[in-house]
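Note sheet for the following structure.
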Amino acid sequence: MTAAPTARRRGWQPLDSAAGGLALDLGLYAASAAFATITAVTSTLVPHRAWGGVAAVGYLLAALAATCQLLLRRRDPGSPLAGLRARWAVTGFAWFTTALLPLAWQSIQRAGGRTDRAQEEVLVVEESGRRLVDTGTPYLGHDAIAALPPGEQLLGYTPYQPGMALFGLPRAAVDAWSTDARVWFAVGTALALALAVRTLLRGVRRPADDRTGAAVLRGVQAATVLPVCALTLATGGDDLPVLALCLLALAFAAAGRPGRAGLAVGLAGALKLFAWPVALVLIIWGTTRRAGLRVAAGAIGLPAVALLPALLVDRDALVENVLRFPLGHGLVTSPAQSPFPGHLIATTLPAGRAVAVALLLAAGLAIAVRLARRPPRTAVAAALICGYGLLAAILLMPTTRFGYLLYPLALLAWAPALQPPVSANWRAEAGDTA
């Protein structure tokens, strides 16, 4: 049975479905074109300006395509060129022109000698891959980082989980544009999203008024063509496979597959800490279905397996990179200082950092109470808790980045796609919890 729509969904659905979804498509592409143009003209980061110059054209072409689809729909509401499949085609085109094309262009220019065609994250991940091959751990210890020139100490830190170094292995083997870490971030993102879409749409008989397909498309747009995601993938990229795996985990949860949900979010957690709150929420969701251990086996087991070699090779290096540096106790401070409330409080008020941390802890406590009193029983509820919880954390963290907003925005946009459709074949109803 489908869940009754909430007041929030009823309020959002008219806008989302206006003109068959094409009105919001046009708004998304047009606003994104404006953002990309402003970025190309005003950004102080060279890779961002380069992205904006290419992406602005891609968004404008997508907006033009959406305009044509609107006109076609007005003349012929049943035209396939204005239907869902055509919207998918425009979305794919938009992702290619605003994320993949700028990514390939910057990677080729970088391979040709340009040193200003990648953010620091790319260099850090590729260097961690080389260290993994040479030493068995992706991390440098405190003394090794201290021995670097002051201008290079920041790049000596790898504030990721050990699994992220795998994306740097191709570069460790061959120095070419195709081994740029961003290329492999894009490959991992595309595979995870494709599997998530297949999981949500496979083998489901839907009535004519079911909006599952349109909701999935909107969620994919949020994870691909939304500027905060397209820009991040083209210039840095490390957050996108983490996000895509979290969306895949929620898709498995919606399909009634807790074991696979745990494996997907565990893979994400082996890459970056941002997936750990999602893993916690999914474990609690699993307990409501008597499948908490199955979720936890992958959600906790895979990150633990990834950490074990680095822990055995150099425990202090692991602690220095994964704990001390993110907490602000490294040799250098993180440049992540976007002007969100937590950062502004930490830098402008007396004892501001303590105040910001207290607010962050209070928000965490409120979410914990919510989880204890009303644990999420559906994938939709889990996605909403993750989205709003990460949004609160990002806004209140003393050290944060604007780009981190891609997590809550995509998770909240993904939630409507997780609504169970009307289908006797839906796996959750059949009790398939593989």
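Starting from the stretch 134-145, keep only residues that are surrounded by fewer than 22 Cβ atoms within 10 Å (Cβ to Cβ), then list their pairs with residues that are assigned to a loop (DSSP other than H, G, I, E, B) and at pLDDT below 95 whose Cβ atoms are within a distance under 9 Å, requiring at least 6 positions of separation or different chains. Within 9 Å, the pairs are 135/314; 136/314; 141/314; 142/330; 142/331. Considering 411, 327, 361, 344, the condition of being within 17 Å of the chain's Cα centre (by Cα) and either at pLDDT 80 or above or not charged (D, E, K, R) (or both) is satisfied by 411 alone. Step by step: first the residues of the stretch 323-332, then only those that are among the hydrophobic types (A, V, I, L, M, F, W, C) and in contact (Cβ under 8 Å) with a residue 60 or more places away in the chain, then the one that is least open to solvent (accessible area, probe 1.4 Å). Which residue is that? Within the stretch 323-332, the match that is least open to solvent (accessible area, probe 1.4 Å) is 325. Residues of the stretch 94-134 that are hydroxyl-bearing (Ser, Thr, Tyr) and at pLDDT below 95: 115 alone. The number of residues in the stretch 155-175 being within 25 Å of residue 108 (Cα to Cα) and either in a helix (DSSP H, G or I) or open to solvent by 30 Å² or more (accessible area, probe 1.4 Å) (or both) comes to 14. Among residues of the stretch 69-89 that are open to solvent by less than 40 Å² (accessible area, probe 1.4 Å), those with a beta-carbon under 8 Å from a residue that is in a loop (DSSP other than H, G, I, E, B) at least six positions away or on a different chain give the pairs 82/76.
Regarding residue 399, is this residue out of contact with any Ser or Thr (no Cβ under 7 Å at 6 or more places or on another chain) and of a type in the set (Ser, Thr, Tyr)?
no
Checking each residue in the stretch 385-414 for being part of a helix (DSSP H, G or I) and open to solvent by 50 Å² or more (accessible area, probe 1.4 Å) picks out 388, 391, 395, 402, 409. Scanning the stretch 376-395 for residues that are of a type in the set (Gly, Ala, Ser) and more than 10 Å from residue 415 (Cα to Cα) returns 389, 392, 393.
Are any residues in the stretch 333-374 within 30 Å of residue 289 (Cα to Cα) and either of a type in the set (Phe, Trp, Tyr) or in contact (Cβ under 8 Å) with a residue 60 or more places away in the chain (or both), and if so, which ones? Listed by number, the list holds a single entry, 371. Scanning the stretch 333-349 for residues that are over 20 Å from residue 323 (Cα atoms) and open to solvent by 60 Å² or more (accessible area, probe 1.4 Å) returns 339, 341, 344, 347, 348, 349.
In the stretch 105-129, the residues that are more than 14 Å from residue 162 (Cα to Cα) and free of Cβ contacts under 8 Å to residues at least 60 places away in the same chain reach residues that are crowded, with 16+ Cβ neighbours inside 10 Å and charged (D, E, K, R) with C-beta atoms within less than 9 angstrom, at least six apart or across chains, in these pairs: 105/117; 109/117.
Would you confirm whether any residue within the stretch 184-192 is in a helix (DSSP H, G or I) and more than 20 Å from residue 241 (Cα to Cα)? No.
The values are calculated or read from the model by the stated rules, or taken from the named source; none is laboratory data. Worth saying up front: this structure is predicted, and the values here are computed from it rather than measured. Note that we place each Cβ from the backbone using ideal geometry, even for glycine, and neighbour counts take in every protein chain shown. Each accessible area value is taken on the protein alone, full model and side chains, heavy atoms only, with ligands, DNA and RNA left out. Shrake-Rupley method; radii C 1.70, N 1.55, O 1.52, S 1.80 Å.
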